[in-house]
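First up is the structure itself, then whatever we jot down about it.
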Amino acid sequence: MPKTYNDIYFTVRSRLRENGVEAFGQEARILLATAAGKTTEQLLRDMYLYTSREIEERAEQMLERRLKGEPLAYIASSWEFYGLPLDINPSVLIPRADTEVLVDK
């Protein structure tokens, strides 16, 4: 049976919450948007549309990687730092929010 993005979002969100991820809602949005090839804004716009089994499977694979402890930035291959989107992979350090405070000073 086809699922909406919203259905998949709630499944991912619940699993993250059950596994102690503090920002479970935000991380679920990022994981699902990445799996769907959308921005988080596009995902929010499309939450009640039906999606493919392929996107659902991709989201499940990304969720499993996250639950095994892989940083979200590596899974998403992108991270924002000081308003700039950066390409991220395991060979680079992930920018942290506290570093933005240093940039401000």
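Calculated from the alpha-carbon coordinates, region 1-94 shows an Rg and a Dmax of 12.9, 41 Å respectively. Count Lys and Arg as plus one, Asp and Glu as minus one, and take only other residues whose Cβ is under 14 Å from that of residue 82; the net charge is then -2. Rounded to two decimals, the Cα-based Rg/Rh of region 1-54, with Kirkwood Rh, is 0.96.
In the full protein context, region 34-105 carries 71 Å² of accessible surface per residue, based on a 1.4 Å probe and ignoring ligands, DNA and RNA. Shown for the chain: the carbon plus sulfur share of the solvent-accessible area, taken with all protein chains present and a 1.4 angstrom probe, equals 52%.
With a cap of 12 neighbouring Cβ atoms within 10 Å, and only residues DSSP puts in a loop, list the trypsin sites (Lys or Arg not before Pro) found in region 3-97.
Within region 3-97, the qualifying trypsin sites (Lys or Arg not before Pro) (loop, at most 12 other Cβ atoms within 10 Å) are 68, 96.
To the nearest µm²/s, what D does Stokes-Einstein give for region 26-75 at 20 °C and 1.002 mPa s, using the Kirkwood radius over alpha carbon pairs as Rh? Approximately 195 µm²/s, per Stokes-Einstein.
Considering only alpha-carbon pairs that sit under 8 angstrom and 6 or more positions apart, the relative contact order computed for the chain is 24 percent. A cut-off of 5 Å between modelled amide H atoms, ignoring neighbours fewer than 5 places along the same chain, links residue 3 with 51. Principal-axis analysis of the Cα atoms of the chain puts helix 5-18 at an angle of about 60° to the longest axis.
Write down, largest first, the equivalent ellipsoid semi-axes of region 45-105 in whole Å, where each equals the square root of 5 times an eigenvalue of the alpha-carbon gyration tensor.
Values: eigenvalues 158, 49, 17 Å².
In descending order the semi-axes read 28, 16, 9 Å.
Enter the angle in degrees (range 0 to 90, nearest 10) between the Cα long axis of helix 53-67 and the first principal axis of the Cα atoms of the chain, meaning the one along which they spread out most. Tilt relative to the chain: about 40 degrees.
Considering only 67, 44, 93, the Gaussian network model of the chain with Cα springs below 10 Å gives its largest mean-square fluctuation to 93.
What does the charge add up to near residue 65, with Lys and Arg as +1, Asp and Glu as -1, over the other residues with Cβ less than 14 Å from its Cβ? Residues near residue 65 contribute -1 overall.
The values are calculated or read from the model by the stated rules, or taken from the named source; none is laboratory data. Worth saying up front: this structure is predicted, and the values here are computed from it rather than measured. Note that we place each Cβ from the backbone using ideal geometry, even for glycine, and neighbour counts take in every protein chain shown. To get the accessible areas, we keep the full protein, side chains included, count just its heavy atoms, and leave off ligands, DNA and RNA. Shrake-Rupley method; radii C 1.70, N 1.55, O 1.52, S 1.80 Å.
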